[in-house]
Amino acid sequence: MSANAPNAPAPSERKALEVRCPSCGVMHPYRTDNPYRPFCSKGCKAIDLGAWASESYRVEAKPTTEDLLDDPGALP
């Protein structure tokens, strides 16, 4: 009995999964031997890391009373 489904293609015949690079948007094969996945290249991975380092990515949150107490100019 085969480990594959009866009509499933052999692993060498399967089409590679393609994903969109989060940095540049180019479609590329998602492969486990790509050290930069999910990015398409070292450059795109570096661009994303730089955006995190420069705090370009932010999560919006409403200030809490604790946050306001830490800022002496925030309360009357």
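Please list, ordered by chain and number, the residues whose modelled amide H lies under 5 Å from the amide H of residue 19; skip anything fewer than 5 residues away on the same chain.
For residue 19, the qualifying residues are 28, 30.
Set the Förster radius R0 to 35 Å, insert the Cβ-Cβ distance between residue 36 and residue 68 as r into 1/(1 + (r/R0)^6), and round the FRET efficiency to 0.05.
Calculated value: 0.25.
Using the Karplus curve 6.51 cos²θ - 1.76 cosθ + 1.60 with θ = phi - 60°, work out ³J(HN,Hα) for each residue of the stretch 39-54 in order, rounded to whole Hz, and write x for Gly and Pro.
Going residue by residue, I get 7, 7, 7, 4, x, 5, 5, 5, 4, 5, 4, x, 5, 5, 5, 8 Hz, with x marking Gly and Pro.
Take residue 60 and residue 18, extend 7 Å from each Cα along the Cα→Cβ direction, and tell me the distance between the two endpoints in nm.
3.4 nm
Taking 0.36 nm per residue of separation and subtracting the Cα-Cα distance, what length does fully extending residue 27 through residue 51 add? Each step should come with its number before you reach the end.
Working: separation 24, 0.36 × 24 = 8.64 nm, distance 2.10 nm.
Additional length available on full extension: 6.5 nm.
Throughout, read-outs are computed from the coordinates displayed, never taken from laboratory work. These numbers come from a predicted model, not from an experiment. Counting neighbours? That spans all protein chains shown, and the Cβs are built from the backbone with ideal geometry, glycine included.
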